[in-house]
Amino acid sequence: LRWCVSLRYVVIALAHSHREAVGALGTSAEAMTAPAASSASACATVTLRASGMAPDVVDKSGAQATGGMAESASAPWQEDSFGFPHPPYPVQLRFMGEVYRTLDRGGVAILESPTGTGKTLSLLCPALAWLRRREQAVLAEAHAPAAEDDSVVEDWALEHRRGVATAIAQAKFQRRRNRREARRQRLQRAAVVTDRGTIGQREKARRVDHGRPPLPTGEAEFSLETSPALPKFEDPFKPEEEDKVAAEEAAYDGKLQVIFCSRTHTQLTQVLHEIERIANDSVPEQLAVVTLGARTNLCVNDSVRARARSGAMHLNDLCKKATEKSQEVGGCTLKKTAHIMADACLTQLMDMEAMARRGRAAVAGGCPYYGSRQAAREADVLLVPYASLVNSETRRKLGIQTEGNILIFDEAHNLLEAISDANSVTLSVLQAKAAVDDLETYGTRYGARLTAANAVKLKQLKQFSVLVHRHLGSLERSSSQTVGAFLVGIGADHFDLPGLSSFLESTELPRKVRGYCDAVRVKGGTARPSGSASSVYGISELLSALMGSTGSDRILCQAKGPDHDVASLRYLSLDAEARFRDLFASARAIIFAGGTLEPRAEFAPLYAGLSDKRGSQGVVNFSGRHVVPSQNIFARFVTHGPGGNRLDFRKDMRGSAAQIVELRAILEAASAASPGGAIFFFPSFDFLASVSPQLSGGRLGGKQVFVEARKLGSDAEGPFRSFAAAVRKDGGAVLLAVNGAKLSEGIDFKDDLCRLVAVVGLPYPNASDLGLIEKMRFLDRCRAEGSPGLSGREFYAARCMKGVNQCIGRSLRHVGDWAAILLLDHRYASANISGAVSLWLREQAITAPYSNVQRDMLDFFSARTRQLSTMESAVLGA
C-alpha cells in the first residue's frame, strides 16, 4: 500500500513537473539537460548552489554556510563587504550585516546611522549583493513542492521536483538575459542613422514639434457627449514575434525587486550615483535600475506642460488627450516610441535629467513617463519618491508591485508625514469660487446639449461646489469636524458622492471645463483670478478623498487670519498608516533607515497586525555610532548665556530683552570663534525676524551674515549659495536659518561650510494647530484602546526632537570632518530632552554655561586647525 501511494504521488509530481518544465525549458538548451535525468541519484545532484547564485562563505575553521541563513561566525553579513567601494568602517559592516540578514529572513528592520556615515551606500551594497546571490534561489523555492506534500512523497521524488524547480528558475533567468540583450540591441539599432532616418524609425521624423499650436478648441472638444477616444494598443514588437515576446514577458512573473524610496528625486539621483560606485561583481548581472515619477517630473512635451496650469491632474488629462490625438495638430507621438525609452531605462543607468535629455532627442528617444512605466516590471531596482508609493492610485498607475519584493525607505524620518500628506486634500475659498464660476459658464454653453443623466450630475456638482464655497465664505472661526458632520453642516449629506466622483472621471469634466473657460477668457481678454487655478480639479480631489474616508478622518475648516491668507478646508487622514499596512503585509522585507529615527515606536502602526514574522517580535533595531572620531566633535548643552542669565527660549519667554541680549552675545562670540562657516537654527521664522533685521547684510564676529528667506515662492537655496561663496572667498560667514525649513534638511554643509552649528531653543510645533490637535487626540484614543505607537504628547515631543537631530546632522559629513555643536537652552540639560538627542552626540555632550563653553571651544578649534595645517604640510612635503 505504501508503495502504491508513493508511486501515485511520483506520477503526479512528474506530470506536474513536466507541465511546468516544458514551457520554461523549451527554448533553453542549457536548462533542458537539468531535468533529463530520470534516476533519483541524478536528480539529487541538482541543488540551489548549482545555479551559482547562493553564496558560499567559508569561515576560518573551514565550516561552510550556504545562502546566508545561518547566524554563525561565517555568516556573509559578518565576513563580507558586499562590494563596498572602499574598506568599510566597523559600524558600516554591522549596518550592512543587519540589512543582509533582514533580506534573507524577511521581516522588518529599523536601522539608524548618523548622517555622514555612508548610510545610503551601506543600504545598497548588501541589498544588491543579496539580489545577485539569492534571486535565482528564491525563484526556485517558489517553484518547489509545497511543504504539506513532504509527509507523503518519497525523498527522491521531492529531490527531483526541487531539481526541476531549479531548472525552471535557470530557464527563466536565461530568458530574462535574452530579453535584456534584445533590448540592448534594439536600442543600438534605433540610434544608428541612415540616409532614410534611423534603422528603427525610418519613417519617423522628430516626434514632437514643440512649436505647434495647441489642440483645436472647437466646441465639440469640450462637450460631455463626445466620448474620449480609446487609445490604440501599440505593440512595439513585430507580429511574428508575439509568441516569443509572450514567453519572455512570462519570465518576469514573480520578478524579485528592490524598491528603494526616498523623499525627493534629488535624493534618488544621489542614490543612482552611489549605485555606480559599487563593484560590478557584487551587483546583479545586467543590472537594471529604473526611476519612476509622475508626469510633472517626466513629461518632456513643452507644449502640453505650458497649458497645464491647474496642477498635476490637469497635466495628466492634457497628456492623455494629446496622446489620443497624436496625429492631429498639437498632438504628442512620444508615447509611440516609449518602448525605445524603456529599452534605455533597462540597459543604462539614467537619472531624471538623463531621461529628459533622451526623451527630447530626435533619435532613439521616447516618452520618459510611459517608457519608465513599461520598464518597471523588468527592473532589478526601482527608485521611487515617497509621493509615488504612499498614494495607492499613483502606485497602481505606475505599475509598482510590492508582493514578495523588498521595500527600503531611506530618510525614513519623513515617511509618516509623507503618508499623511499624500492622503490629505486642501481646498481654498478661491478655488471653490472658481469652480462655481467655471461650472456656471460651462453649463450656460453646453447645458442644453447634455443628456438628462449628465445634466443632472452637472447640476449636482455645481450645487455641491456652491455649498462648499458658501460655507468657507461665511467661516468666522476655525473648527474641526468628522466627515459626516461636515457634510450635514453644509447641507450636502444627501448627495451621491461616489456617483459624482465617477461622473468627473468618466467624462473628463475638469479638463473640459478648464479648457472651455480658459478659451472664453482668452477671447474676452480677461485673466483667471489669482489662487483659483485648480478650479474643478480641487473639487474632484476633495470628492475622491471623501469617498475613501473613515470615521477617524477629519475636515479642518480654517478661517482667514494671521496664519491663513484665505479661508480653506483640509481633509485630514489621521489613520493613513492603516491604508499603508496592506502594502507592507505582502512585501518580503521592509527596511526603515535614517539618521534620526527615534522614537522607534512611531513606526509600529505601519506593521501592526502583521504576522509574527513581521510583527513587533521580529523587528530588528540597530543604532550606529558616528564614523567621525570623538576628538573631532565638540558638543555642549548650553544652559546660561555670557551674562549669566538662564537661556529660556520658550515662546512666551524668548522675546524678553534679557534673552535677546544673551542670544546676540552668543551669536557674536561664537561666530568670531568659528574658523569657517557658522550656522544658527532658530525655532521659527517669527523669532528669527525679531533678531535678524539688525544682522541681515551686516556682520557677526567680523563675518558676513545671510538669512534664510521665509517666502515659499522665493529661491530657498539662494542664501545658502551666497553663504557658501562667502565662506570660500573670505574664509568664513554666518547663516541664520530656521529649524524645519528648507536649509535644515538635505543640504550638505561639509568641511569649512560648517565648523559650528547651534540650535536655538526647542522647535516645538504650534500647539494651537488644528491638524496637530486632532492627530494628538487620535493617537491618545489609539493608545487607550491598546494599539501600538506613540501617545499624543510623545508625538508632539518627537516632532520637536526630530528637527533638532536633523539640524545637528548637517555638520559632520565624512570621517575627516570636524565641528562644534551647541544646543542653546536650559531644557537640554533635563533627562527627557537630552535622552531624545541622537546617541552619537548625547554620549559626548557636556552641560555647561556659555562662559565655560567659549574657552573650551576656542581650544577645540585651535587644536583642529593645527591638525589640519600639519596634514596639509605633510601632503605638500610628500
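Remarks
- Stokes-Einstein D for the stretch 330-371, Kirkwood Rh over Cα pairs, 25 °C, 0.890 mPa s (µm²/s): 248 µm²/s
- Charge context of Asp730, other residues only, Cβ under 13 angstrom, K/R +1, D/E -1: +3
- Arg445-Ser791 pseudo-label distance in nm [points 7 Å out on the Cα-to-Cβ vector]: 6.0 nm
- Full extension of the chain between Ser502 and His86 gives 144.2 nm of extra length, using 0.36 nm per residue less the Cα-Cα distance.
- Here the stretch 286-364 is described by how far its Cα atoms reach on the three principal axes: 39, 26, 16 Å, from widest to narrowest.
- Cross-link pairs beyond the 19 Å C-alpha cut-off, checked among Lys172/Lys335; Lys336/Lys512; Lys325/Lys459; Lys119/Lys397; Lys462/Lys512: Lys172/Lys335; Lys336/Lys512; Lys325/Lys459; Lys119/Lys397
- Using a Förster distance of 60 Å, the FRET efficiency for Arg781-Arg305 (Cβ separation, nearest 0.05): 0.85
- Two-site FRET efficiency, Gln286 against Ala362, from Cβ-Cβ distance with R₀ of 41 Å, rounded to 0.05: 0.90
- Direction-averaged projected area, Cα convex hull, the stretch 418-465: 4.4 nm², rounded to one decimal.
- Report note on the peptides 318-325, 129-136, 789-796: ranked by the mean count of other C-beta atoms within 10 Å, highest first, their order is 129-136, 318-325, 789-796.
- Solvent-free Debye calculation, one equal scatterer per alpha-carbon of the stretch 715-839: log10 I(q)/I(0) at 0.12 Å⁻¹ equals -0.57.
- R0 of 45 Å, Cβ-Cβ distance Ala665-Asp493: FRET efficiency to nearest 0.05: 0.15
- Label-point separation in nm, Asn645 to Lys397, each point 7 Å along Cα→Cβ: 5.5 nm
- Pairs over the 18 Å Cα-Cα cut-off, from the set Lys703/Lys742; Lys742/Lys802; Lys703/Lys729: Lys703/Lys742.
- Neighbour net charge for Tyr571 - beta-carbon separation under 9 angstrom, K R +1, D E -1: 0
- Fully extending the segment from Val620 to Ser869, taken as 0.36 nm per residue of separation minus the present Cα-Cα distance, adds 85.3 nm.
- Near Glu276, once Lys and Arg are set to +1 and Asp and Glu to -1 for all other residues with Cβ below 15 Å from its Cβ, the sum equals -4.
- Sorted peptide list for 848-860, 723-735, criterion being average Cβ within 10 angstrom, highest first: 723-735, 848-860
- For the stretch 509-570, the share of alpha carbon pairs falling in successive 10 Å distance bins from zero is 17, 36, 30, 14, 2 percent.
- Compared with the alpha-carbon gap, the fully stretched path from Lys325 to Val522 is longer by 68.6 nm at 0.36 nm per residue.
- When peptides 395-402, 274-281 are sorted by average Cβ neighbour count within 10 Å, with the highest value leading, the order is 395-402, 274-281.
- Relative counts (whole %) of C-alpha pair distances in the stretch 630-708, using bins that are 5 Å wide: 3, 13, 24, 25, 21, 10, 3, 1
Here, each number is a calculation from the coordinates, and none is a lab measurement. Because the structure is predicted, anything quoted here is derived from the model rather than measured. All Cβ positions, even for glycine, are placed from backbone atoms using ideal geometry, and neighbour counts span all protein chains on display.
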